[in-house]
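Visitor: Below is one structure. I have some questions about it.
Just so it is clear, none of the values below were taken in a lab; they were calculated from the coordinates. Keep in mind that what you see is a predicted model, and the values were worked out from it rather than measured. Positions of Cβ are backbone-derived with ideal geometry, glycine not excepted, and every protein chain shown enters the neighbour counts.
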Amino acid sequence: MIAEEVYDLVLDDLFIQLDQLVPGSSVFLKMEGLNPAGSVKLKTAVALVAAAENAGLRFPRTRLIESTSGNLGVALAMVCAAKGYPLTCVTDPNATVRSRRLMAVLGAEVVVIEARDAHGGFLQSRIDYISERLRREPDLYWLNQYANPAGPQAHRDRTGRALVEGLGHIDYAFIGAGTTGTLMGCAEYLRRHSPATRIIAVDAVGSVTFGGPAARRHIPGLGTSRRPEILDTRNLDDIVLISEADSVEMCRTLARERGLLLGGSTGTVLCAVQDAAKKIPEGSVVVAISPDLGDRYLETIYDDAWVAERWPEIVGH
Ligand SMILES: Cc1ncc(COP(=O)(O)O)c(C=O)c1O
């Protein structure tokens with residue numbers, strides 16, 4: 001593969017088999033972290049910037065701004081650096097220091113919002129900050145991943161298609177929900193091209209996306225403190241909420257026992273697969289999406305002191 005631009009280096013046909021999670025069935029984990037931006041959000045970033053270009057905005061006079069818990073910011077910073085577009089990433093203390101550093105090294109302005117919103121999260125505070133900047137700076141354009149249909153469309157045309165092309169028959173698809181872009185796009189593709197696939201949305205306990213009560217969360221990626229505009233539950237067969245403690249434990253176990261260093265949201269999605277195992281008929285084909293790898297979480301979910309402070313019952317496991 002020879003790419004013209006760094007953001008074209010997306011490998012959409014990488015799966016690893018994890019059959020032990022559902023004995024008697026085939027379980028495939030789609031690895032989205034093996035691209036230069038390190039996450040599934042590279043495809044989202046390419047699509048959001050292309051949509052802004054197609055809207056006729058003039059670059060570099062137009063400056064882009066986006067709210068991000070980490071991975072989208074890194075991916076956008078990469079795309080914008082390659083295209084010469086100015087970018088501001090509005091993030092919060094849950095974004096890892098490493099993600100913030102990556103955004104800055106790639107040339108983005110990084111703003112960290114410390115004030116929690118009414119749900120105890122940061123999303124509304126980040127959006128309020130952006131709204132204020134937009135009022136004051138007319139050349140600023142908000143990509144708005146929570147409402148922009150370009151995100152789900154990218155995952156319909158790329159991620160969803162790659163699932164079906166890579167595996168053929170799929171009985172169950174487990175997909176995590178942050179902005180719900182990956183979930184909505186894959187669900188749309190699967191409904192059309194693999195209608196028998198059961199689509200299971202996976203979210204963190206404490207997220208309000210599917211109407212649950214808000215609670216404090218520590219792992220970036222999944223969950224919201226404000227329902228995303230692009231969410232449409234029509235194509236979903238089930239919704240599963242997983243505690244952050246279980247997600248962390250799953251990640252740490254897979255690192256030690258399988259050599260798989262995965263991001264926190266992958267642990268969440270795999271917990272949902274494991275919890276469903278008893279209800280999955282033998283011989284099924286199960287796929288789960290792994291949005292990123294674990295090296296961005298060495299100071300958090302793979303750090304004993306950080307984990308012990310939040311979930312003392314886990315460390316030592
Ligand atoms: C690590 C991780 N997992 C999951 C997601 C959720 O993806 P989406 O926003 O498409 O729902 C994200 C999004 O930023 C992420 O960074």
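Visitor: Just to verify a number: FRET efficiency for A115 and R216, C-beta to C-beta distance, R0 = 25 Å, to 0.05? Before the final figure, lay out each step's value.
Guide: Details: r = 14 Å, r/R0 = 0.57.
After rounding to 0.05, the efficiency reads 0.95.
Visitor: A further question follows. Go through region 216-227 residue by residue and turn each phi into a ³J(HN,Hα) via Karplus (6.51, -1.76, 1.60, θ = phi - 60°); whole Hz please, and just put x for glycine and proline.
Guide: So the Karplus estimates, Gly and Pro as x, are 5, 10, 10, 9, x, x, 8, x, 9, 10, 6, 4 Hz.
Visitor: Please list 3J(HN,Hα) in residue order for region 28-44, calculated via the Karplus relation 6.51 cos²θ - 1.76 cosθ + 1.60 where θ = phi - 60°; whole Hz, with x for glycine and proline.
Guide: Listing the rounded values in order: 10, 9, 7, 8, 9, x, 9, 10, x, 8, x, 7, 4, 6, 4, 5, 5 Hz.
Visitor: Another one. Using θ = phi - 60° and the Karplus relation 6.51 cos²θ - 1.76 cosθ + 1.60, list the HN-Hα couplings for region 230-243 in order, rounded to whole Hz, with x at every Gly or Pro.
Guide: 6, 5, 9, 7, 4, 8, 9, 8, 7, 10, 10, 10, 10, 6
Visitor: Mind giving me the nanometre distance, one decimal, between the label points for D295 and D19, set 7 Å out from Cα along Cα→Cβ?
Guide: 3.0 nm
Visitor: Right, something else. Would you compute the Debye intensity of region 41-142 from its alpha-carbon atoms alone, equal scatterers and no solvent, and pass along log10 I(q)/I(0) at q = 0.13, 0.14, 0.16, 0.19 Å⁻¹ to two decimals?
Guide: Log-scaled intensity ratios, in q order: -0.42, -0.49, -0.64, -0.90.
Visitor: Okay, moving on. Is the shape of region 221-307 best called rounded, prolate or oblate, per the rule: a/c under 1.5 gives rounded, else a/b larger than b/c gives prolate, else oblate, with a ≥ b ≥ c the square roots of the Cα gyration tensor eigenvalues?
Guide: Working: a/c = 2.17, a/b = 1.25, b/c = 1.74.
It comes out oblate by the Cα gyration axes.
Visitor: Counting DSSP beta bridges with both partners in region 41-142, what percentage is antiparallel, nearest 5? Could the numbers behind the result be given before it?
Guide: Numbers: 0 of 11 bridges.
Expressed as a percentage, antiparallel bridges in region 41-142 total about 0.
Visitor: Tell me the label-point distance for the pair L9, L34, using the 7 Å Cα-to-Cβ offset, in nm and rounded to one decimal.
Guide: Using points 7 Å along Cα→Cβ, the separation is 1.4 nm.
Visitor: Out of residues 5 or more away from A204 or on other chains, whose amide H comes under 5 Å of its own, with H placed 1.01 Å from N in the peptide plane?
Guide: G223, I242
Visitor: Would you mind checking which residues have amide H under 5 Å from L293's amide H? H placed 1.01 Å from N; only 5 or more apart, or other chain.
Guide: Result for L293 returns G263.
Visitor: Taking 41 Å as R0, compute the FRET efficiency from the Cβ-Cβ separation of D238 and E313 and round it to 0.05. Spell out each step's value before the answer.
Guide: Working: r = 28 Å, r/R0 = 0.67.
According to the calculation, E is roughly 0.90.
Visitor: Under a 5 Å amide H to amide H cut-off, with H placed in plane at 1.01 Å, what residues pair with L140 once short-range neighbours are removed?
Guide: R63
Visitor: Hull surface divided by four, with the convex hull built on the Cα atoms of the chain: how many nm²? Present the calculation step by step, with values, prior to reporting the outcome.
Guide: Values: hull surface 63.2 nm².
Average projection, Cα convex hull of the chain: 15.8 nm².
Visitor: Within region 200-237, what residues put their amide N at less than 16 Å from the label point 7 Å along the Cα-to-Cβ vector of D128?
Guide: Under cut-off, by backbone N: 225-227.
Visitor: Contact order normalised by length for the chain, with contacts defined as Cα pairs under 8 Å and 6 or more residues apart; what percent is it?
Guide: Values: 667 pairs, mean separation 62.9, N = 317.
It rounds to 20 percent for the chain.
Visitor: Taking every DSSP beta bridge that has both residues in the chain, what percent is antiparallel when rounded to the nearest 5? Numbers along the way, then the final one.
Guide: Numbers: 5 of 35 bridges.
In the chain, DSSP labels about 15 percent of beta bridges as antiparallel.
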